[in-house]
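Working notes for the structure below.
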Amino acid sequence: KECEHPRSRWSKCPHPYKIRYRSVAGKQVKESGFSTQDRAIARLTEVYNAKRAVPRGQAKANRIARYGAMRFEEYAVQWKAGQRDLGPASVVHLESLLNIHLLPLLGSRRMNTFDHKVVEGFLQTLERDGIGLAAQANAFDKLKAILLDANRLGLFDDNPVAGVKPPQYDPKRVVIPSPEQLAQIRTAGDDSFLLVADLMSGCGMRNGEAFAVNLNNIVADDVYRITEQVNRTTCGYERLKHRKAGEYRDVPLPARVRETIEWYADKHGTIDGYLLRHPSDPARTFPHYHIANQWQRIKKAGQTGIPDGMVVYGLRHFFASNCLTHNIPITDVAEWMGHKTIEITFKIYRHLMPGSISKAAKTLNHNLT
């Protein structure tokens, strides 16, 4: 019942019972007007028995007929509603991909008309429109996820993305400062810039993770626990990238970085352990643009040895370079940097890994001779 009476009074209140169920075609149905609970249950039993009597093939045929005739735009809306594990920023990113790339080209297409040629045509259109490879790859990943969901419902005889070669996004080789250049860069801005530079270059933090630095996350003299980030979109503390809520990662804490954290805390104080807050409003999180603006001013001044092509993220790349050139296993580096897979770490930093085939052959020979 949907009245305000508590369940204990349902048997005496005059309001009718309602039932909800899914039809054979999978559509949610509501019926009302049942004067007693027994009559409502009897109707549900009748519906259940009728669904059981429908041949399994018929149920699938009804499902294919319903979703197959659906427009891609409508199907995508239902699929998006089921992505309950996405954070606010990821939802914004998904909606952007749908509205900018997928729906304008595919929104009116019926789901049962998708095949590999349609998907190939979609990618070719993105190429002709000059869409960057990174955006192409992201759009294809979302289209693939939606079509695989439809494929599990049995809408296609053949998987429409099977055999389709995805866009090959190959990021440019990263620009990494030398230790001498890093020494100049870290002191070229204000105190917050120095703190962020040390966290990114010494612990491998992402920008947003450094902005959420908290004195309470020093879990040992040489270990810092990264638990959250300042999200650029929501301007709030959010879960880590590629992590579920509550998950964290422990990273090495070099002595110099720990000293910088403690120095900053002593000089500027903390709020609930947080070191960085909004310059004009301590009640708000630290803004991304504060470091970005300083970086632009430092580059424009031309008085700091910043290598050509370097961006702020190059400070994080320095961490990976420092690890790999000192023979720290790439598996550890991938974990500390929070990469989704080790393939990402390897693809970006392969050229930094010491050694060669010839060197390996000589090393392996030691125990063979």
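The values are calculated or read from the model by the stated rules, or taken from the named source; none is laboratory data. Remember, it's a predicted structure, so these values are computed and weren't measured experimentally. Glycine also receives a Cβ, built like all others from the backbone with ideal geometry; neighbour counts cover every protein chain displayed. Note: accessible area is taken over every heavy atom of the protein model, side chains too, but ligands, DNA and RNA are not part of it. Shrake-Rupley method; radii C 1.70, N 1.55, O 1.52, S 1.80 Å.
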Checklist entry - In terms of solvent-accessible area of protein heavy atoms at a 1.4 angstrom probe, what is the ranking of 84, 110, highest value first? => result 84, 110
Checklist entry - For segment 288-335 and segment 127-153, what is the separation of their C-alpha centers, rounded to whole Å? => result 31
Next on the checklist: As an exercise, take the mean of 1/r over every pair of distinct alpha carbons in segment 232-369, invert it, and state the Kirkwood radius in angstroms.
Outcome noted: 18.7
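When Rg is the radius of gyration of the Cα atoms in segment 1-151 and Rh is its Kirkwood radius, what does Rg/Rh come to?
We get a ratio of 1.15 for segment 1-151.
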Checklist entry - Per residue, what accessible area does segment 203-343 have, given a 1.4 Å probe and all protein chains present, in Å²? => result 51
Item to check | Overall Cα dimensions of the chain, principal axis frame, Å, largest first | outcome: 80, 54, 52
Item to check | Mean-position separation - Cα centroids, segment 166-228 and segment 67-93, in angstrom | outcome: 34
Checklist entry - Along its principal axes, what span do the Cα atoms of segment 155-202 show, with the longest given first and each in whole Å? => result 61, 22, 15
Checklist entry - Which helices pass in the chain if a helix is a full DSSP H run, must span at least 27 angstrom along its long axis by Cα, and must have mean Kyte-Doolittle hydropathy not below -1.0? => result 133-152
Checklist entry - Ignoring any ligand, DNA or RNA, what whole percent of the accessible area of segment 188-344 comes from carbon and sulfur when the probe is 1.4 angstrom? => result 48
Next on the checklist: Can you return the aspartates and glutamates within cross-link range of residue 18? Criterion is Cα-Cα under 19 Å, with same-chain partners fewer than 8 residues away left out.
Outcome noted: 2, 4, 31, 38, 46
Checklist entry - Mind checking which lysines have their C-alpha under 22 Å from residue 241, skipping anything on the same chain fewer than 8 residues away? => result 80, 142, 144, 172, 340, 347
Checklist outcome for this item: Highest mean packing first, using Cβ neighbours within 10 angstrom, the peptides 277-285, 39-47 sort as 39-47, 277-285
Checklist entry - In nm, what is the difference between 0.36 nm times the number of residues separating residue 112 and residue 215 and their Cα-Cα distance? => result 31.6 nm
Item to check | Pair-distance profile P(r), taking every C-alpha pair of segment 139-296, with 10 angstrom steps and integer % | outcome: 9, 31, 28, 14, 12, 6, 0
Checklist entry - Hey, which lysines would be in cross-link range of residue 12, C-alpha to C-alpha under 16 Å, not counting anything within fewer than 8 residues on its own chain? => result 1
